[in-house]
Amino acid sequence: MYQINEKEFKCPISVTLDIFNDRWKLSIIWHLLDSEKRFKDLHAQIDDITQKTLTVKLKELEKKNIIHREVFAQVPPKVVYSLTPAGRRLTPVLNEMFDWGVGYVEEFGKITEVINKKKNILL
């Protein structure tokens, strides 16, 4: 059995799926791999996400210790988001997902423009 807080899981894959249970969280992490970002930068980079959804997902990832939120005491307020060590360990997983996605499109679709490049981040 695997236990996180009060929740028990029979399989570690279930733990992973419990954390990344929607379409937005991995995209948020992908955009944080290369550098810390402010909310407005993340919102501009992630297609079709609403400000409300981004706010909710950032809070969920912070609660799960995947991202870190740092507030600077200044006027106007400045908040930046970055990956925790646990979040950084997702780099090879996300790079593999990137490669798989490119291969899938090459096999079953077509690439018209390369928008995001692979994140070659050293751990």
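The values are calculated or read from the model by the stated rules, or taken from the named source; none is laboratory data. On a predicted model such as this, the values are computed, not experimentally measured, just so you know. Virtual Cβ from ideal backbone geometry, glycine too; neighbours counted across all protein chains shown.
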Considering only segment 20-65, give the helices (runs of 4 or more DSSP H) lying wholly within it that have at least 1 residues that are of a type in the set (Gly, Ala, Ser). 25-32, 39-45
Sole exception among (1) small (Gly, Ala, Ser); (2) closer than 15 Å to Ser27 by Cα; (3) modelled with pLDDT of 95 or more for Ala86, by number: (2)
Quick check on segment 66-117: of everything there that is hydrophobic (A, V, I, L, M, F, W, C), part of a strand (DSSP E or B) and under 13 Å from the mean Cα position of the chain (by Cα), which residue is surrounded by the most Cβ atoms within 10 Å (Cβ to Cβ)? Ile67
Do any residues in segment 67-81 that are basic (Lys, Arg) have Cβ atoms under 8 Å from those of residues that are in a strand (DSSP E or B), where the two are at least six apart or on different chains, and which pairs are they? Arg69/Val79; Arg69/Val80; Arg69/Tyr81; Lys78/Arg38; Lys78/Val71; Lys78/Phe72
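Per-residue answers, yes or no, for (1) closer than 27 Å to Ile13 by Cβ; (2) in contact with a His (Cβ under 9 Å, 6 or more places away or on another chain):
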{"residue": "Glu36", "(1), (2)": "no, yes"}
{"residue": "Thr55", "(1), (2)": "no, no"}
{"residue": "Leu58", "(1), (2)": "yes, no"}
{"residue": "Pro92", "(1), (2)": "yes, no"}
